[in-house]
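Peer 1: Below: one structure in structure tokens.
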Amino acid sequence: MKSLSYSAVFPIILSDDKSKILLHKRKNTGYCDGFWDTAASGHVDVGESAKSAAIRECAEEIAIEVTADDLEFVHMSHNTYEDDKSYYHIYFLVNEYQGKPTINEPKKAEELDWFDLDALPEMVPARKIAIEAWKDNISYIEIWN
């Protein structure tokens, strides 16, 4: 049986005082619609680096400008699913950005809001597990779905 591997990036965008995280509510994606997710998350395209994907997703999804120097690797989770798909989720802390975060893809996200890091809403389960691990300074986890 052949397994398929994919990579995705998840920028962690914090408020100025580092107490809140920016999340968007998913819609029309076919995966965990109605759940909150890290804002500007997405797949790494073929031939693209993880940092380049994070920069692209930030611009495409929430209209902010980020540079490679603004990104700090903080966590990776290896997620394996029953359908033999394996995902490597790469989390970057966005230390600085230009612009005001806004929903730039209204067909995929219905809300964008700041949430207290100690009171996260109903999130995509794997993302919530990864955010909690990051908060506990755990840089790598494996999630078996």
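Peer 1: Hey, which aspartates and glutamates would be in cross-link range of K20, C-alpha to C-alpha under 17 Å, not counting anything within fewer than 8 residues on its own chain?
Peer 2: Leaving aside aspartates and glutamates fewer than 8 places away in the same chain, those within reach of K20 are D37, E96, E111, D113, D116, D118, E122, E132, D136.
Peer 1: Any lysines with Cα under 20 Å of the K27 Cα? List them, leaving off those in the same chain fewer than 8 positions away.
Peer 2: K107, K108, K128
Peer 1: Could I ask something else about it? For the range 4-138, give the magnitude of the charge dipole about the Cα centre (Cβ charges: +1 Lys/Arg, -1 Asp/Glu; no others), in debye to the nearest 20.
Peer 2: About 160 debye.
Peer 1: Kindly express, to the nearest 10 degrees and within the range 0 to 90, the angle between helix 125-135's C-alpha long axis and the longest C-alpha principal axis of the chain.
Peer 2: Tilt of helix 125-135: around 60 degrees.
Peer 1: So what is the 222 nm mean residue ellipticity for the chain from helices alone, if each DSSP H run of at least 4 adds -39500 (n - 2.57) and you divide by all residues, rounding to the nearest 500 deg cm²/dmol?
Peer 2: Rounded to the nearest 500, the figure is -5000 deg cm²/dmol.
Peer 1: Taking Cα atoms, how many degrees apart are the long axis of helix 50-62 and the longest axis of the chain, rounded to 10 and kept between 0 and 90?
Peer 2: Taking Cα atoms only, the helix is inclined about 50 degrees.
Peer 1: What would the Debye equation give as log₁₀ I(q)/I(0) for the chain at q = 0.11, 0.13, 0.16, 0.20 Å⁻¹, counting only Cα atoms as equal point scatterers?
Peer 2: The Debye formula, applied to the Cα set alone, gives -0.37, -0.53, -0.83, -1.36.
Peer 1: Also, I was wondering about something else. Kindly write out, for the range 102-111 in residue order, the coupling ³J(HN,Hα) from the Karplus curve 6.51 cos²θ - 1.76 cosθ + 1.60 (θ = phi - 60°), rounded to whole Hz, with x marking Gly and Pro.
Peer 2: Values, residue by residue: 9, 6, 9, 10, x, 6, 10, 9, 9, 8 Hz.
Peer 1: Starting from the Cα gyration tensor of the range 93-145, multiply each eigenvalue by 5, take the square root, and state the resulting semi-axes largest first in whole Å.
Peer 2: Semi-axes from the Cα gyration tensor: 23, 16, 12 Å.
Peer 1: Can you work out the FRET efficiency for the pair C32 and K135, with r the C-beta to C-beta distance and R0 = 22 Å, to the nearest 0.05?
Peer 2: So the FRET efficiency works out to roughly 0.60.
Peer 1: Determine by what factor the alpha-carbon radius of gyration of the range 17-80 differs from 2.2 N^0.38 Å, reporting the quotient.
Peer 2: 1.20
Peer 1: Further question: Could you tell me the calculated FRET efficiency between V46 and E122, based on Cβ-Cβ distance and R0 = 41 angstrom, to the nearest 0.05?
Peer 2: Computed FRET efficiency for V46 and E122 comes out at 0.80.
Read-outs throughout are calculated quantities, based only on the coordinates presented, and are distinct from any laboratory measurement. Values in this document were obtained by computation on a predicted structure and should not be read as measured data. Quick reminder, even Gly has a Cβ in these numbers, built from the backbone with ideal geometry, and neighbours come from all protein chains shown.
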